[in-house]
Amino acid sequence: MRKLVVTENTTLNGVIDMSAGWFDPLAKDVDQSDIAAATAEHSAAADALLVGRNTFEAFREFWPRQTDDPTGVADYLNSVDKYVVSSTLGDPEWRNSTVLRGDLVEEVRALKEASGRDIVATGSIQLVHALIAAALVDEYRLFVFPVVVGSGARLFESGEQRLSLVESRPFKSGAVLLRYAPTAG
């Protein structure tokens, strides 16, 4: 069975909402080569991207236009199978994209049962909250950046989550990758 991995960029105080402008994936003033290498590792382990409509539309507008992307994210996103959860999106207008309109739990379980590598969900705050509530997440990959912002959406809204540390990896920029798996109990 494939793993569903939630990958998020987050502040030290747990904000994953980037509307405050705290995150620039292509920042030139910070050495992110080691973060790019970690992202490439994760991309190699995944062959599907699962997102909500808002994140999908933002990605579709931004990433296909990046012609000088040293991170490799643009190439990955343009080629990977993309699944967008939406009841309103018509033609996704991006290669290798499929709109999922059915019951979220059934659709995601079917994706997980299909052959392939990891399925990555990123951004998509409402979708990720629903995946967490349905206990569909197999791993969390959190890129924690040394930034604190006053407000914004958080990965874990409420309730209790028991997690087991899988990996911690510091980067030159001061960011840290924290990988966790849900644990029972």
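Taking the three principal axes of the alpha carbon atoms in the chain, the coordinate ranges are 46, 41, 31 Å, sorted in descending order.
For residue 112, the aspartates and glutamates whose Cα comes closer than 12 Å to its Cα, not counting residues fewer than 8 places off in the same chain, are 47, 138. Among 135-141, 109-115, sorting by the average number of other beta carbon atoms lying within 10 angstrom of each residue, highest first, gives 135-141, 109-115. Over the chain, dividing the summed -39,500 (n - 2.57) contributions of all DSSP H runs of at least 4 residues by the number of residues returns a 222 nm mean residue ellipticity of -7500 deg cm²/dmol. Computed from point charges on the beta carbon alone (+1 for Lys and Arg, -1 for Asp and Glu), the dipole magnitude for region 36-98 about its Cα centre is near 160 Debye.
Every read-out reported here was derived from the displayed coordinates using simple, explicitly stated rules and does not represent laboratory data. Given the structure is predicted, the values throughout are model-derived calculations rather than measurements. In this analysis, Cβ positions are derived from the backbone assuming ideal geometry, glycine residues included, and neighbour counts consider all displayed protein chains.
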